[in-house]
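The values are calculated or read from the model by the stated rules, or taken from the named source; none is laboratory data. None of these values were measured; they are calculated from a predicted model. All Cβ positions, glycine included, derive from the backbone under ideal geometry; neighbour counts span all protein chains shown. Areas reflect the complete protein model, heavy atoms only, side chains present, ligands, DNA and RNA absent. Shrake-Rupley method; radii C 1.70, N 1.55, O 1.52, S 1.80 Å.
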Amino acid sequence: MDKLQNIWIHGDCLKELEKLESESVDLIITSPPYHNLRVYSNDPADLSNCETYEEYYYLLSLVIEECHRVLKPAGKFVIQFEDYNYTLGRDGKRGKESLVGEINQIFLNKQFTLWTEVIWHKYTPQRAMLSDGALWFRNLKNRDTQVAANWGYVYVYRKEGEAEQIQGADITLEDWATWADGVWHISNSGIGHTTPFAEELVRRIIKLWSMPGDTVLDPFAGAGTVNHVAIKNKRNAIGIELKKEFYDLAIEKRFSTYTDDDFKLTYTKEDVTASFLKEKEMAEQGKENAKREAEEKKQLRKQKKDIREEIKELELQLQALGLKKSEIIKLKKGVTVND
Ligand SMILES: C[S@@+](CC[C@H](N)C(=O)[O-])C[C@H]1O[C@@H](n2cnc3c(N)ncnc32)[C@H](O)[C@@H]1O
């Protein structure tokens, strides 16, 4: 049985990504640091320490370029981020910073295609705007209102090329009924990091865009949410995190609890495909059976109708021969048609 690998790297992702083989990763999931929003560490390599927006976007584009190199053809890069509100104290102005345009352009420049999008609805407006139990109602300024920033983007980019086409995924029909919705309502909670991923968010991404035994990478890995969820769902994981405190936290809170069983690839992509096809066959068989039963019922109804008409005809003939209704009823006792 194959053994899964959990590779956990402390360092600058720009340097560490260079050490990874080209076309060795099936899926990348990350939420990047932002320029000037929240500083994670004093390390000069920390992207949240950039002097200017230009420098930030330039470094981010280098990371995306390296990620493109390590991804397999048709591999997906899922990036989670949000536009954010300026504050007078930090930015000297009010309004919103939009990252979508810049980030999307970088991906397009690096030969990715925007493949699909999800809105991650993280929490209620009450949680985002609670003040005096009234959603900032008493702070409302007519004509200058801002609504809650309680959601984020999940953009899925696809590297060019073709991959082995695999039918199915290791999810249920019930999962799909919820996940096919372009808005995911998932409570934003995670361990000891200022901006953790919700495990459920990562689980959905991993299950939708990778298979058991695949390799999943997070270049800005924080407290190791992607590694953790990947291993728990039978994928190999590679995480790179610059800040030692977060790097150690992941080991202490997550990886140190693993047993040998966590690393066993107990089901493979072949198993997933086989059970998906079986389920599909059963669903198709069920549809066929239902169609046949409906056809049989229709035939039966037609036969009953024909018989009733024949009886009516006979009754008329008997009446014409002079038989009374009561005599006909007596005769009919031997011929009963149920509805
Ligand atoms: C938005 S957080 C990611 C949180 C993560 N998704 C989680 O669930 O814990 C961004 C992370 O990128 C890290 N970081 C910043 N610059 C980095 C770099 N050059 N290389 C690797 N990590 C970096 C920060 O320390 C921070 O932990």
Rg ratio (alpha-carbon, reference 2.2 N^0.38 Å) - the stretch 210-264: 1.08
The chain: angle of helix 269-320 to the longest principal axis, Cα-based, in degrees nearest 10: 20
Distance between the stretch 275-339 and the stretch 212-266 - C-alpha centres, whole angstrom: 65
Separation of the residue 292 and residue 258 label points, Cα + 7 Å toward Cβ, nm: 4.9
The stretch 1-137: relative contact order in percent, alpha carbon pairs under 8 Å with at least 6 residues between: 21
Protection proxy ranking of 60-70, 232-242 - average other beta-carbon atoms within 10 Å, highest first: 232-242, 60-70
Rg to Rh quotient for the stretch 262-312, alpha carbon positions, Kirkwood Rh: 1.53
With Cα atoms, 0 to 90° folded angle of helix 53-70 axis to the chain main axis: 60
Residue 142-residue 117 FRET efficiency (beta carbon distance; Förster radius 41 Å; 0.05 resolution): 0.80
Helix 244-253 vs. the chain, principal-axis angle (Cα, 0 to 90°, nearest 10): 40
Förster radius 51 Å - calculated FRET efficiency between residue 65 and residue 304 (Cβ-Cβ, nearest 0.05): 0.10
Cross-link table 302/330; 15/110; 234/269, entries beyond 21 Å C-alpha to C-alpha: 302/330
Alpha carbon Rg of the stretch 1-144, scaled by the compact-globule rule 2.2 N^0.38 Å: 1.29
Helix-only mean residue ellipticity at 222 nm for the chain, each DSSP H run of n ≥ 4 adding -39500 (n - 2.57), per residue, nearest 500: -12500 deg cm²/dmol
Cβ-defined net charge surrounding residue 40, 15 Å radius [Lys, Arg +1; Asp, Glu -1]: -4
Unit Cα scatterers, Debye sum, the stretch 60-164: log10 I(q)/I(0) for q = 0.22 Å⁻¹: -1.16
Using a Förster distance of 25 Å, the FRET efficiency for residue 268-residue 232 (Cβ separation, nearest 0.05): 0.95
Intensity falloff of the stretch 6-265 expressed as log10 I(q)/I(0), Debye formula with alpha-carbon point scatterers, at q = 0.07, 0.16 Å⁻¹: -0.25, -1.33
With every protein chain in place, the stretch 117-224: carbon and sulfur % of accessible area (1.4 Å): 52
Using θ = phi - 60° and Karplus 6.51 cos²θ - 1.76 cosθ + 1.60, couplings along the stretch 150-161 (whole Hz; Gly, Pro as x): 10, 8, x, 8, 10, 9, 10, 9, 10, 6, 5, x
